[in-house]
Amino acid sequence: MPGSPHITAQHTSVRSVMLKVLAALIPGILVHAWFFGPGIWVSLLVCTVFAYVFETLALAMRNLPLKPFLTDGSVLVTAWLLALSLPTLAPWWLYAVGMLFAVLVAKHLYGGLGQNLFNPAMVGYAALIVSFPAYMTQWPAPMDLAGHTPDLLESIDLVFAGQGAVSPDAYTAATPLDTLRTLVRAGGDAAAVMQEPVFGHLGARGQEMVALMYLLGGLLLLTHRVISWHIPVAFLGAVALTATGLHLLDASRHAGPLFHLVAGGTMLGAFFILTDPVSASATPRGKLIYAGLAGFLTVIIRAFGGYPDGVAFAVLLMNMAVPFIDAHTQPRVFGQAGKDRERP
Amino acid sequence: MATGVVARRLYRFPGGVHPEGHKSVSTATPIAEMPLLPRYVVPLRQHIGEPASPVVQPGDRVLRGQLIGRPEGYVSVGVHAPTSGRVLAVEMRPVPHPSGLMDLCVVIEADGEDRAVEPTPLDWHRMDASALRNRLREMGLAGLGGAVFPSFIKLNPGAKRQIPILILNGAECEPWITCDDMLMRERASEILMGAQVMRHMLCAEEVLVGIEDNKPEALACMAEAAAGSDVEVVAVPTVYPGGGGKQLTYTLTGRVTPSKGLTTDVGVQVFNVGTAYSLYRAVHLGEPLVSRVVTVTGHVGSPRSLEVRLGSPIAEVIGAAGGALPGATGEVIGGPMMGFDLHDASAPVTKAVNCILVKNAEHFPPKPPPLPCIRCGECARACPAELQPYELYWYARHRDFGKTQSYSLFDCIECGCCSYVCPSHIPLVDFYRFAKSEIWAREREKQAADLARERHEFRSYRLAREKQEKAERLAKKASERLESGAVANDDPEAARKKAILAAAIERAKQARAAVQPKNVDDLPADKQREIDAIEARRQQHASAAQTSDT
């Protein structure tokens with residue numbers, strides 16, 4: 001017979017945590033659809049379907065009960081985060097391969113819910129960008145800059161039937177991160193390059209508004225105590241600091257902090273990806289170190305690495321360091337003197 | 001806030017949770033005295049430490065307040081008859097304990113007259129401190145907050161230890177329980193008179209009364225009773241487990257009790273208000289501890305607090321509060337956060353029982369099946385000891401008990417906050433209890449193994465020594481013989497070997513002789529006769545066979 005306590009807090013469950021995370025993503029998704037067209041709905045749906053297919057398969061193979069694990073919502077969060085990290089309007093099998101790595105490799109090969117060392121969505125993203133870099137750079141252009149924005153039916157057609165008659169050039173464009181990288185490496189001046197319309201007001205047309213919505217959603221998670229302030233503050237702070245440092249060193253090659261904060265996956269990473277509790281550091285000091293280093297690495301990879309965005313690799317690198325960080329940042333126990341604390 | 005409640009700088013202890021209080025359910029009616037019962041079952045172990053040893057026998061007549069169990073050893077207190085009557089038995093009976101095990105109890109049949117022994121009020125001002133403590137030990141005083149630690153030990157300020165601050169704990173942070181609340185509302189001045197005695201015994205300079213701010217009536221009554229004295233009645237925030245000794249000490253004084261220490265290490269002693277009240281009765285009225293206030297609440301007809309004689313069967317106490325309503329799903333002894341499930345409602349109320357909580361499906365729904373830990377850290381934020389419960393869970397689950405200890409398992413007070421907030425509904429505290437008991441068991445095993453090893457090593461050493469001594473003796477004998485020329489050719493080594501051989505043969509002979517067919521030992525007389533008859537027949541047959549052969 002289980003012992004005390006005999007009561008539990010109301011409305012706390014893994015599912016409710018996951019549903020709150022999903023709800024906080026919705027403003028960003030809506031704004032994404034507003035700026036980039038309805039393609040996002042297709043990629044979200046395809047990722048969701050494959051997520052449940054692979055999750056069911058893995059649970060069945062592992063002889064685990066389907067109902068509690070299919071309804072905990074965790075795989076849905078993975079699916080949405082991966083969909084939001086990938087270009088919309090990519091072929092369906094790209095999403096399928098991404099979800100396969102996320103769910104089967106990153107999650108279930110490591111032991112399923114709560115056991116994964118790496119963030120599943122980021123493993124899926126990394127597998128895809130290493131394997132299919134060409135597809136990963138074809139992002140839809142913001143609607144007002146694109147020659148043509150596919151509507152919902154066209155989007156479905158593009159995802160399932162391939163590129164067909166429409167040339168991808170008609171509706172895709174390089175992302176601001178990509179554009180900056182390419183042009184600066186070609187000898188352009190960062191400040192001049194960033195006058196182009198794709199950079200918008202803050203650094204990325206359309207994407208900047210999506211990023212602000214992620215920020216809004218993240219603040220909702222903070223006020224609902226789903227996440228703590230440590231990770232977003234340390235991550236965004238480190239991104240801003242590192243970007244400022246590089247910008248001051250060489251303004252002609254490196255964009256300023258504002259650009260790095262709104263471009264690419266910074267905001268999604270700060271509030272939704274780095275904060276995945278399973279793969280993140282869990283001690284207060286550990287969170288600051290983990291997210292701070294991830295922010296530093298993100299900007300360094302963007303500035304000097306081989307890939308345009310650095311969030312995914314920064315997250316995966318820091319995931320590896322989490323057990324070490326946690327073991328060495330154990331908080332002091334109530335009533336224990338600081339130096340008496342035994343090292344675990 | 002009520003007038004007279006002292007505003008004081010308060011400190012917020014880490015963690016804690018805010019479960020729903022359900023206090024008003026049982027505070028509508030004043031404390032009522034339980035009617036006299038026909039029979040009482042008084043356990044001899046009602047306190048932490050050694051159980052009292054019975055000093056009555058079946059058939060003895062006892063009076064209310066008469067000592068029936070003498071304190072045994074240092075950490076022990078007396079046990080007294082709750083009413084006058086006749087001792088029916090001294091036997092093992094179910095007691096309220098999480099294990100559901102039985103314990104030695106004195107069963108008393110009440111004679112209905114409820115005659116008391118002559119009360120002996122104590123002249124506490126003039127009494128020798130040690131004599132006063134001894135009297136309280138005999139009178140059975142133990143902490144009534146639930147831990148039931150013998151009060152006389154806590155009232156010893158020690159040779160050097162300074163205890164400038166006495167805290168009366170009226171926080172009552174567990175949901176549902178209201179016995180302290182009601183006691184403070186109705187018997188505030190008696191509580192403070194008890195506190196005066198405590199202060200005197202501890203030589204304390206300051207007396208603080210900590211009461212959670214969800215009890216405005218109790219705060220007002222205590223403040224009124226304390227008016228004109230320097231006792232400070234302080235409202236503390238309602239946070240579970242704010243009534244923990246270390247937590248209340250920190251809230252009121254900012255003093256942090258060391259991890260493996262007691263509040264007295266920082267100059268604070270904490271007593272439950274109920275204990276102060278029972279001390280008042282012991283000292284001023286000369287009555288030993290034979291009753292306490294118990295909250296009977298939850299799914300019962302009329303939830304309330306009752307003054308209950310120790311030894312009253314719990315089923316009777318529930319009956320006195322209107323009885324369990326249809327749909328009741330069991331009883332919890334104590335509060336919902338730290339209490340335990342009652343195995344047998346015939347078990348009696350003891351000094352430790354502050355609340356009988358009858359569960360129903362509405363307030364105590366079955367727990368959802370646990371999911372894996374997602375390391376969300378809610379437990380760490382809720383932990384008042386600032387532990388990392390998810391790490392402790394991980395290591396306890398994988399039986400890595402060394403790691404659980406380096407993550408300070410033994411700083412866990414089992415308050416239940418972590419399990420309460422866990423979104424995966426993992427029974428975390430059960431894992432810590434498991435790890436603790438495993439570690440204790442291993443500790444005992446290790447001690448036993450160490451002892452056995454020492455014994456074995458000593459035995460080996462002794463055998464080797466004896467062998468050597470024997471060899472030396474034989475060698476000496478042989479050389480003596482050699483010298484005397486009796487056995488010229490015998491060398492000492494051969495003699496030694498021969499002696500060992502002879503001894504071994506002798507031992508083997510003895511062993512053979514000693515072996516008896518075990519299954520015919522201690523047979524009943526009729527079986528033995530049967531066997532004898534068979535043996536006799538066998539003999540006959542054998543001799544008949546012999547004769548026919550020849």
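Some notes on this structure:
- For the stretch B:224-253, a residue qualifies if it is more than 23 Å from the chain's Cα centre (by Cα), over 15 Å from B:Gln196 (Cα atoms) and away from every other protein chain (no Cβ under 13 Å), and the qualifying residues are B:Glu224, B:Val234, B:Ala235, B:Val236, B:Pro237, B:Thr238, B:Val239, B:Leu252, B:Thr253.
- For the stretch A:51-75, filtering for residues that are under 18 Å from the mean Cα position of the chain (by Cα) and either within 14 Å of chain B (Cβ to nearest Cβ) or aromatic (Phe, Trp, Tyr) (or both) leaves 3.
- Elements of the type helices (runs of 4 or more DSSP H) sitting completely within the stretch B:142-215 and holding at least 2 residues that are in contact with an Asp or Glu (Cβ under 8 Å, 6 or more places away or on another chain) and either modelled with pLDDT of 95 or more or among the charged types (D, E, K, R) (or both): these cover B:179-186.
- Here A:Ile325 passes the criteria (1) away from every other protein chain (no Cβ under 11 Å); (2) modelled with pLDDT under 95; (3) part of a helix (DSSP H, G or I); (4) closer than 30 Å to B:Lys260 by Cα except the one numbered (2).
- Exactly one residue out of A:Thr149, A:Thr71, A:Thr78, A:Thr88 is hydroxyl-bearing (Ser, Thr, Tyr), within 29 Å of B:Cys422 (Cβ to Cβ) and buried (at least 18 other Cβ atoms within 10 Å of the Cβ), and it is A:Thr78.
- Summed over the stretch B:1-32, residues that are surrounded by 13 or more Cβ atoms within 10 Å (Cβ to Cβ) and either in contact with a helix residue (DSSP H, G or I) (Cβ under 6 Å, 6 or more places away or on another chain) or more than 14 Å from every other protein chain (Cβ to nearest Cβ) (or both) total 17.
- Answer from B:Glu113, B:Glu91 - the residue that is under 19 Å from B:Glu33 (Cα atoms) and of a type in the set (Asp, Glu): B:Glu113
- Tally, over the stretch B:422-431, of residues that are surrounded by fewer than 24 Cβ atoms within 10 Å (Cβ to Cβ) and in a helix (DSSP H, G or I): 2
- In the stretch B:379-392, the residues that are more than 15 Å from B:Thr404 (Cβ to Cβ) reach residues that are in a helix (DSSP H, G or I) with C-beta atoms within less than 6 angstrom, at least six apart or across chains, in these pairs: B:Ala382/B:Cys417; B:Ala382/B:Cys418; B:Ala382/B:Val421; B:Pro384/B:Gln247.
- Checking B:Gln247 against (1) surrounded by 20 or more Cβ atoms within 10 Å (Cβ to Cβ); (2) over 30 Å from B:Pro313 (Cβ atoms); (3) touching a helix residue (DSSP H, G or I) at 6+ places or on another chain (Cβ under 7 Å), the condition it does not meet: (3)
- Any hit, the stretch B:380-395, residues being at the interface with chain A (Cβ under 7 Å from one of its Cβ atoms), on the phi > 0 side of the Ramachandran plot and surrounded by 24 or more Cβ atoms within 10 Å (Cβ to Cβ): no
- Residues in the stretch A:1-20 that are assigned to a helix (DSSP H, G or I) and within 11 Å of another protein chain (Cβ to nearest Cβ): A:Val14, A:Arg15, A:Ser16, A:Val17, A:Met18, A:Lys20.
- Look at (1) small (Gly, Ala, Ser); (2) free of Cβ contacts under 8 Å to residues at least 40 places away in the same chain; (3) surrounded by 23 or more Cβ atoms within 10 Å (Cβ to Cβ) and you find that A:Ala33 fails only one, number (3).
The values are calculated or read from the model by the stated rules, or taken from the named source; none is laboratory data. What you see is a predicted model; the values in this text were computed from it and never measured. FYI the Cβ positions are ideal-geometry reconstructions off the backbone, even for glycines, and counts take in every protein chain you see.
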